[in-house]
Amino acid sequence: MRTWKLVSGILSCVLFAFVSFQSCAAGLSNALSENGERSGTSGLFLAFLMLVGGIVSIAVRKSTGKGGNIAIIIIDTLAALIGYSGAGSFADLKVWSTWCLICAVLALVCVIKPGKQSVET
């Protein structure tokens, strides 16, 4: 799972920029159309949490404790909840929320799955 944490962390950090720009465009669209939606703001919150989750994922990839994985679970689940609840007309936000949910579930697998035991012969 170390490789997964590194890859997902890097992807989350890279996707942060893409999601941020999309969210700014969605927020501008919402403001110009005066539709009362908050999908742009929700997208910015999701992007920020995605960046934080990615950094934590990279930082704890070699740790043996469960604290880092629990932090990833909390951060990514919160990002997914914000994204799903505030998607509105910004349909791509559901895609990014699903990415965060996948990262949270895999971090949960890391918490539940016992680590490799070293056997001395």
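The values are calculated or read from the model by the stated rules, or taken from the named source; none is laboratory data. All values reported here derive from a predicted model rather than from experimental measurement. In this analysis, Cβ positions are derived from the backbone assuming ideal geometry, glycine residues included, and neighbour counts consider all displayed protein chains. What goes into the accessible areas is simple: the full protein's heavy atoms, side chains included, and nothing from ligands, DNA or RNA. Shrake-Rupley method; radii C 1.70, N 1.55, O 1.52, S 1.80 Å.
Does at least one position in the range 63-74 carry a residue that is touching a helix residue (DSSP H, G or I) at 6+ places or on another chain (Cβ under 8 Å), touching a residue at least 24 places away in the same chain (Cβ under 8 Å), surrounded by fewer than 17 Cβ atoms within 10 Å (Cβ to Cβ) and more than 28 Å from ILE112 (Cα to Cα)? No, because not a single residue in the range 63-74 is touching a helix residue (DSSP H, G or I) at 6+ places or on another chain (Cβ under 8 Å), touching a residue at least 24 places away in the same chain (Cβ under 8 Å), surrounded by fewer than 17 Cβ atoms within 10 Å (Cβ to Cβ) and more than 28 Å from ILE112 (Cα to Cα). Return the total of residues in the range 75-113 being among the charged types (D, E, K, R), crowded, with 22+ Cβ neighbours inside 10 Å and assigned to a loop (DSSP other than H, G, I, E, B). Within the range 75-113, residues that are among the charged types (D, E, K, R), crowded, with 22+ Cβ neighbours inside 10 Å and assigned to a loop (DSSP other than H, G, I, E, B) number 0. Here's a check for you: in the range 16-50, which residue that is aliphatic (A, V, I, L, M) and open to solvent by 40 Å² or more (accessible area, probe 1.4 Å) is farthest from THR77 (Cα to Cα)? The extreme case among them is LEU32.
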